[in-house]
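Quick notes on the structure that follows.
The values are calculated or read from the model by the stated rules, or taken from the named source; none is laboratory data. Because the structure is a prediction, the values reported are computed rather than measured. Ideal geometry is used to build each Cβ from the backbone, glycine not excepted, and the neighbour counts take in all protein chains shown.
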Amino acid sequence: MEVSMKIYESAPDSFTSYSFSQVARPRVLTGLIILVLCFSGTATAASGPKATVEQLNAEAAVRAAADSAVQDSIDSISDGFVVSAIGDIGPAGGWVFYVTDDGLHGLEAAPVDQAFAVWGCFGTDISGAESTAIGTGQRNTDDIIRGCSTAGIAAAVADEYISPSGYIDWYLPSIDELNLMYLRIGPGSPLPVNVGDAPVNVGGFGTTFYWSSSESDGGNVWGVYFGTGGPVGRGLKDLTDAVRAIRAF
């Protein structure tokens with residue numbers, strides 16, 4: 001679109017005319033693609049009579065239309081993002097238990113348990129699977145699958161899970177991620193449905209021990225008992241315990 005603008009010089013009866021072409025240029029700002037309309041082109045100077053009130057009003061209308069187009073683009077793109085909160089149903093149909101970036105990103109647990117399974121490879125140290133922090137469950141899971149070829153182990157069960165909505169990027173949580181699940185969407189949640197109610201287990205966890213992907217040593221792994229008190233503890237790798245996969249969004 002061609003836009004003309006008139007810029008007054010020092011003399012009251014002359015002006016300089018500039019012509020610009022309007023182009024769309026995308027910019028990425030913290031995950032949000034904003035379509036910024038900007039002006040570019042070459043300027044040519046010319047002299048002429050003083051602009052009329054009608055011409056000035058027309059130029060102001062052009063500028064207002066451009067500003068409105070920018071805002072409309074921002075609004076239409078922003079509406080496509082989902083902001084999640086703790087306890088919400090996540091993008092893949094699971095339960096949100098951790099958020100960042102004001103709810104644009106975070107972690108969600110699968111809507112149901114996957115299975116009861118052994119952790120696997122009792123007596124073997126799995127290189128790289130000792131991480132405990134939030135954000136390390138995926139790497140632990142990859143290292144376990146790479147280092148333990150036993151079929152049907154907890155990490156493989158989580159990795160192979162496909163949610164009802166078709167998402168396949170699940171993994172076994174680290175111990176800090178698992179404990180946060182207990183505290184945020186499990187029996188340890190402080191969020192009651194009504195004032196005075198018992199804590200809500202929105203994730204539907206069983207009263208049992210759940211595996212994490214955080215290895216303690218060659219024979220033991222960290223986990224959480226989803227019963228009263230929810231203590232973090234260690235379980236023998238060759239025991240059969242519950243698996244609940246998670247994913248990042």
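Name the pairs whose Cβ atoms lie under 7 Å apart, with the first residue in the range 139-167 and at pLDDT 95 or above, the second part of a helix (DSSP H, G or I) and among the polar types (S, T, N, Q), and 6 or more positions between them or separate chains?
Ala155/Thr141; Ala158/Thr141; Asp159/Thr141
Per-residue answers, yes or no, for (1) in a loop (DSSP other than H, G, I, E, B); (2) under 41 Å from the mean Cα position of the chain (by Cα); (3) modelled with pLDDT of 70 or more:
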{"residue": "Ala61", "(1), (2), (3)": "no, yes, yes"}
{"residue": "Ala64", "(1), (2), (3)": "no, yes, yes"}
{"residue": "Ile74", "(1), (2), (3)": "no, yes, no"}
{"residue": "Ile86", "(1), (2), (3)": "yes, yes, yes"}
{"residue": "Gly93", "(1), (2), (3)": "yes, yes, yes"}
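Might you check whether a residue that is touching a Leu at 6+ places or on another chain (Cβ under 8 Å) and crowded, with 20+ Cβ neighbours inside 10 Å occurs anywhere in the range 143-150?
Checking the range 143-150: at least one residue is touching a Leu at 6+ places or on another chain (Cβ under 8 Å) and crowded, with 20+ Cβ neighbours inside 10 Å.
Every residue in the range 96-126 that is over 20 Å from Asn179 (Cβ atoms), of a type in the set (Asp, Glu) and modelled with pLDDT of 95 or more, please.
Listed by number, the list holds a single entry, Asp125.
Condition check: among the acidic types (Asp, Glu), buried (at least 21 other Cβ atoms within 10 Å of the Cβ) and either within 17 Å of Asp176 (Cβ to Cβ) or in contact with a His (Cβ under 8 Å, 6 or more places away or on another chain) (or both). Does Glu130 satisfy that? Don't jump to the end; show me each part of the working.
Working: among the acidic types (Asp, Glu): yes; buried (at least 21 other Cβ atoms within 10 Å of the Cβ): no; either within 17 Å of Asp176 (Cβ to Cβ) or in contact with a His (Cβ under 8 Å, 6 or more places away or on another chain) (or both): yes.
Considered against the rule, which asks whether it is among the acidic types (Asp, Glu), buried (at least 21 other Cβ atoms within 10 Å of the Cβ) and either within 17 Å of Asp176 (Cβ to Cβ) or in contact with a His (Cβ under 8 Å, 6 or more places away or on another chain) (or both), Glu130 comes out as no.
Looking only at the range 212-222, decide whether some residue is assigned to a strand (DSSP E or B), without any contact (Cβ under 8 Å) to a residue 40 or more places away in the chain and among the small types (Gly, Ala, Ser).
Scanning the range 212-222, I find no residue that is assigned to a strand (DSSP E or B), without any contact (Cβ under 8 Å) to a residue 40 or more places away in the chain and among the small types (Gly, Ala, Ser), so the answer is no.
Only residues that are within 23 Å of Glu108 (Cα to Cα) and among the aliphatic types (A, V, I, L, M): list them for the range 196-249, please. First the steps, then the outcome.
In the first step, residues of the range 196-249 are kept if they are within 23 Å of Glu108 (Cα to Cα); the result is 198-215, 221-233, 241-249.
Once the filter is applied, which keeps residues that are within 23 Å of Glu108 (Cα to Cα) and among the aliphatic types (A, V, I, L, M), the range 196-249 yields Ala198, Val200, Val202, Val221, Val224, Val232, Ala242, Val243, Ala245, Ile246, Ala248.
Going through the range 84-96 one residue at a time, which ones are of a type in the set (A, V, I, L, M) and surrounded by 13 or more Cβ atoms within 10 Å (Cβ to Cβ)? Steps first, please.
Going through the range 84-96, the residues of a type in the set (A, V, I, L, M) turn out to be 85-86, 89, 92, 96.
Result: Ile86, Ile89, Ala92, Val96.
Which residue is nearest to Arg234 (Cα to Cα), if the candidates are limited to the range 97-118 and must be surrounded by 15 or more Cβ atoms within 10 Å (Cβ to Cβ) and among the charged types (D, E, K, R)?
Result: Asp113.
Listed residues Gly152, Gly166, Gly123; which is within 24 Å of the chain's Cα centre (by Cα), in a loop (DSSP other than H, G, I, E, B) and farther than 17 Å from Ser212 by Cβ?
It is Gly166.
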